[in-house]
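Contents: one structure, followed by commentary.
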Amino acid sequence: ECEPYLTVDYRLMFERPEQVADGLKALMKAVDVKRGVVGIEDNKPEAIARMEKALKGISGTSVCVMPTKYPQGAEKQLIQSVTGREVPSGKLPAHAGVLVFNVGTAGALSKMLRDGLPLVKRMVTVSGAVENPSNLLLRIGTAFQDAIQFCGGYKGMPGKVLSGGPMMGFPVYDTNAAITKGTSGILVLTEKEATLPESGPCIRCGRCAEACPICLEPMKLCSAYEFDRPDLYELYSAQDCIECGCCTYSCPANRHITHSIKLAKRILAAAKKK
C-alpha cells in the first residue's frame, strides 16, 4: 500500500496483526511453501513492530522492511525488493516462483477459516475533500454516497470521486455505485484538483522513462497510440505497464501518457484474443 491517502492496509496490520499472521500461515499451507514474507515500508514503524510480534512462533515467516517510495507496493516491485527476482515480460509472479497476496486477503481468509464468515465486509479509506476522513469497515454493496455522508459529506464543491488512490484509482461517475471487494479507497477531489492541465507536445526529455519502475519508454508507447500504430504496442512492451501513473506525473508537458498506454493495452489484449 504505497499510494497517497490510502491507509487501510496499515490500519489492519496495526489493529489486527494476529489476523494477518494467521491468514499468512493458512496461505503458506495452501500453496505448500516454506517461506512467507510481509513487506512493509519503513515509514510504518508501529505496523512493523506489531507484525513482527504477531509472526513470532510461525515458522518461515518474517517482516521485510523496505524504503518508502512509490510504487513499492506494486506486485513486480514488491517481488524484486523482497526476493531480488524479476518477473519475466508478459508473465505472472508464479513464473518467478512467487505468489503475492494483499494483507487484506490474508485477514479475510483468517476470518473465513476461524469464524466461517465469507467476505461480506471490507475496510475502505474515505479521504480527500470530505469533512472527516476515516477508515471504515463497510459491507460489500454499500453506496459510495453513503460512505461519504457518514464521513460528514463533501468539504466544498467536489470535482471528482475516485475509487482507489490518486495515482491508480479510476473515476466513479455515479456515487450510488456500490463498493466491491476490490475497493480500497474512496477519494474525493476538489474541482481544482480534478481539472486536468492542458497537454502539450512531447519534448523528448526522457523524464517519463526515468520515472518508469518497469524501465519502459512511455513516450514511445504514447506516440504509438496517438499515431494509431498498434503494430508497435507489443514491440514497446505495452503489456508490461503497471499503470502506476509515474510517467504522467513526471511529464513537464502534462501529457496524458498513462491513459494512452491503458487504451493501447486494451487494443493489444483484444487483438491477441482474436
Dipole magnitude (debye, nearest 20) for the stretch 193-252, charges at Cβ of Lys, Arg, Asp, Glu: 220
Cβ-defined net charge surrounding Met123, 13 Å radius [Lys, Arg +1; Asp, Glu -1]: +4
Estimated inter-spin distance, Arg85 and Glu193, nm [label 7 Å along Cα→Cβ]: 3.8
Per-peptide average of other Cβ atoms within 10 Å, ordering 19-27, 107-115 highest first: 19-27, 107-115
Restraint check, Lys76/Lys273; Lys25/Lys69; Lys29/Lys69; Lys25/Lys53, Cα-Cα greater than 21 Å: Lys76/Lys273; Lys25/Lys69; Lys29/Lys69
Rounded to whole Hz, the Karplus (6.51, -1.76, 1.60) HN-Hα couplings of the stretch 237-252, x for glycine and proline: 6, 4, 5, 8, 5, 9, 6, 6, x, 4, 5, 5, 5, 8, 6, x
Contour excess over end-to-end distance, with Cα ends at Gln239 and Lys274 and 0.36 nm allotted per residue: 11.0 nm
Largest to smallest accessible area among Tyr233, Tyr173, Tyr249 [probe 1.4 Å]: Tyr173, Tyr249, Tyr233
Proximal charge balance of Tyr70 [Cβ under 11 Å; K/R count +1, D/E count -1]: -2
Answer label for mean projected area of the Cα convex hull in nm² (calculated), chosen among (1) 16.1; (2) 12.5; (3) 13.8: (1)
Beta bridges by DSSP in the chain, antiparallel share as percent, to the nearest 5: 60
Quotient of Cα Rg and 2.2 N^0.38 Å for the stretch 4-151, N being how many residues it contains: 1.11
Within the accessible area of the stretch 105-173 (1.4 Å probe), percent carbon and sulfur: 56
Accessible area per residue, Å², the chain with all protein chains present, probe 1.4 Å: 56
In order through the stretch 29-46: 3J(HN,Hα) via Karplus (6.51 cos²θ - 1.76 cosθ + 1.60), integer Hz, x for Gly, Pro: 5, 5, 9, 6, 10, 9, 10, x, 10, 9, x, 9, 6, 6, 8, 10, x, 5
For peptides 215-227, 78-90, sequence by mean Cβ density within 10 Å, most packed first: 215-227, 78-90
Residue-by-residue Karplus 3J(HN,Hα) for the stretch 148-157, coefficients 6.51, -1.76, 1.60, Hz, glycine and proline x: 5, 5, 4, 8, x, x, 6, 9, x, 8
FRET efficiency, Asp146 to Tyr249 (Cβ-Cβ, R0 35 Å, nearest 0.05): 0.65
Cα-centred dipole magnitude for the chain, charges only on beta-carbon of K, R (+1) and D, E (-1), debye, nearest 20: 700
Stokes-Einstein D (µm²/s) once Rh is taken as the Kirkwood radius of the stretch 90-188 over alpha-carbon pairs, at 10 °C in 1.306 mPa s: 107
Cys with no candidate disulfide partner in the chain (beta-carbon separation under 4.7 Å rule): Cys2, Cys64, Cys151, Cys202, Cys205, Cys212, Cys215, Cys222, Cys241, Cys244, Cys246, Cys251
Alpha-carbon centroids, the stretch 105-134 and the stretch 23-61: separation in whole Å: 19
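The values are calculated or read from the model by the stated rules, or taken from the named source; none is laboratory data. None of the values given here were measured: they were computed from a predicted structure. Because the Cβ atoms are built from the backbone with ideal geometry, glycine has one as well, and the counts that use them run over all protein chains shown. Protein only, heavy atoms only, side chains kept; ligands, DNA and RNA dropped before computing areas. Shrake-Rupley method; radii C 1.70, N 1.55, O 1.52, S 1.80 Å.
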